[in-house]
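Report on the following structure.
The values are calculated or read from the model by the stated rules, or taken from the named source; none is laboratory data. The model shown is predicted, which means the values in this text are computed figures rather than measured ones. So basically every Cβ, Gly included, is an ideal-geometry build from the backbone, and we count neighbours across all protein chains shown. Side chains are part of the model used for accessible areas, which takes the heavy atoms of the whole protein and leaves out ligands, DNA and RNA. Shrake-Rupley method; radii C 1.70, N 1.55, O 1.52, S 1.80 Å.
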Amino acid sequence: MIISPDDGVIFNIPMRVVVANLIHAGYVPLWNPYMFSGMPLFGAAQAGVLFPLNWFYLLFSIPVATNLMMLSTYALAALGAYLYARKSGASIAGAAVTSLVWQWSAFMIMKVGQTNVVQTAALLPWVLWSIDGYAVSGKRSRGALLVLIVAIQLFAGHQQTFAYSFLLAAAYALVMARASLRDERRRYLLSLVFLGVGVALAAVQLLPTVELLRLSLRASASYDFFSSFSMPPRFLLTFFAP
């Protein structure tokens, strides 16, 4: 049994296998010769070449590597949610419930086949935990950790989920700054800079992706195309009566 159905089996797993095979053959995994007449592999981002949990394919068979990748992703989400809840003042029991709620949320379960989405979302509580850790302690090492986690989150390869996470983290830092005393307020605001530095650190992945994006069909897509997937205003009622 492989814990990555639908898009996972059809698209995400094959891309990771291609990366592993190219590396084993002594090549830098920049180009995918197996799709169409060939296309960028590293620049496409979805292969997640630099995301550590994808490196299982370098060491194990495809089924074992896939299950290790997926299980470790959900474990990462669970641990991050637990640590963030504890950092926020929750009891052990409360943090455990928070961990289960995030790990087993509808979003995380329904996206199980969209590997990049789950991997990116799994790091959201780690970003919030790092912001709090830096604001409370003021240690440079905690700021550096925040930068590294943001970069790794971008390496997972799903920019839309990252954008949501980034906006939430920035809003969180601003709200916490407003509610904090002078020193912590300054550090919460400074964490916004660390978020930006994390994005800059991931430029090695981001720039080739932006370059490739300019050649995609969606580079010239209209506003009507993108808004056609938006939630109709009448669906706002489902927030109150699902």
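Laid out as a table, the results:
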{"read-out": "For ARG187: the one exception among (1) without any contact (Cβ under 8 Å) to a residue 60 or more places away in the chain; (2) under 24 Å from PHE107 (Cβ atoms); (3) surrounded by 15 or more Cβ atoms within 10 Å (Cβ to Cβ)", "value": "(2)"}
{"read-out": "Near pairs, Cβ below 7 angstrom, 6+ apart or cross-chain, from the stretch 203-215 (of a type in the set (D, E, K, R)) to any residue that is surrounded by 13 or more Cβ atoms within 10 Å (Cβ to Cβ) and not in a helix (DSSP H, G or I)", "value": "GLU211/GLY43"}
{"read-out": "Hits in the stretch 161-206 (condition: outside any helix (DSSP H, G or I) and hydrophobic (A, V, I, L, M, F, W, C))", "value": "ALA179, LEU181, ALA202"}
{"read-out": "The listed residue being open to solvent by 30 Å² or more (accessible area, probe 1.4 Å), under 14 Å from LEU123 (Cα atoms) and assigned to a helix (DSSP H, G or I), out of LEU79, LEU100, LEU68", "value": "LEU79"}
{"read-out": "Residues being open to solvent by 10 Å² or more (accessible area, probe 1.4 Å), within 18 Å of ARG185 (Cα to Cα) and either among the small types (Gly, Ala, Ser) or free of Cβ contacts under 8 Å to residues at least 60 places away in the same chain (or both) - total across the stretch 133-161", "value": "6"}
